[in-house]
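Visitor: I have a structure I would like to understand better, so I am pasting it below and will then ask my questions one at a time.
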Amino acid sequence: AYDNDSYIHEFPMGLAYIASALRNAGHNVVIYNQDQFHYPESHLTNYLANNHFDVVGLGIIAGYYQYQKLLKISEAINCALSKLFQ
């Protein structure tokens, strides 16, 4: 989940349903909720570089601001991946 600079926290229910289904199928699921702690994208890059994940999924609410955040988060993920394969 992305950071929308809000201090009202509502956990994304769609993500909760997906996580629940994956856990019920025996998978480990980690949810990094940037919106809760307001970490910068560099924190996400380091988190991904220091932990192993088979899949990274993103969730946002539609809108131009969220689109811009999605681009920054995608860059953070790509940066973490490039660190893994050096």
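Visitor: Taking only pairs six or more apart or across chains, which ones have beta-carbon atoms under 6 Å, a first residue in segment 47-68 that is in contact (Cβ under 8 Å) with a residue 40 or more places away in the chain, and a second residue that is among the β-branched types (Val, Ile, Thr) and surrounded by 14 or more Cβ atoms within 10 Å (Cβ to Cβ)?
Guide: GLN66/ILE60
Visitor: Counting only residues that are loosely packed, with under 11 Cβ neighbours inside 10 Å and at pLDDT 80 or above, give me the helices (runs of 4 or more DSSP H) lying completely in segment 12-86 with at least 3 of them.
Guide: In segment 12-86, the matching helices (runs of 4 or more DSSP H) lie at 13-24.
The values are calculated or read from the model by the stated rules, or taken from the named source; none is laboratory data. Keep in mind that this is a model prediction, so the values were computed, not measured. Glycine also receives a Cβ, built like all others from the backbone with ideal geometry; neighbour counts cover every protein chain displayed.
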